[in-house]
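Report on the following structure.
The values are calculated or read from the model by the stated rules, or taken from the named source; none is laboratory data. Predicted, not measured: the structure shown is a model, and the values here were computed from it. When we count neighbours, we look across all protein chains shown, and the Cβ atoms used for this are built from the backbone with ideal geometry, even at glycine. Just the protein is used for accessible areas: all its heavy atoms, side chains included, with ligands, DNA and RNA removed. Shrake-Rupley method; radii C 1.70, N 1.55, O 1.52, S 1.80 Å.
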Amino acid sequence: MKVGKLKNRQVNGNHYSKHKIQVWDIVTEYDLNFFEGNILKYLLRDKGDRKTDLLKAQHYLEKLISIS
C-alpha cells in the first residue's frame, strides 16, 4: 500500500487521521522508541476518556524511567 493511502486509512475511528500530522510521523522523525511513541500516542489521542489516556501515558513513562 502506498504511503499516501496509509495516512488516509485508520482502523476503528479517526482520532489520529483527522489531524494534519499523525503520531507515527513524529515517532519516525524523532526516532522515538516503543515507550516514547506510546507516551506520545496517548498524550495526543482524543477518544473521549482523557484521564484513561493520561494514565496510560504515565504507565509507559514510568516504565521508560525504570529502564533508563
Determine which aspartates and glutamates satisfy two conditions relative to K63: a Cα distance under 19 Å, and not lying fewer than 8 residues away in the same chain.
D31, E36, D53
Cut-off 17 Å, label 7 Å out along Cα→Cβ of E62, residues of segment 17-51 by amide N:
35-36, 38-40, 42-43, 51
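Subtract the Cα-Cα distance of I21 and T52 from 0.36 nm times their separation in residues, and report this length gain in nm to one decimal. Intermediate results must be reported in sequence, preceding the final value.
On the way: separation 31, 0.36 × 31 = 11.16 nm, distance 2.27 nm.
So the chain would gain 8.9 nm between I21 and T52.
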Return one whole number: the accessible area per residue of segment 23-68 in Å², for a 1.4 Å probe.
75 Å²
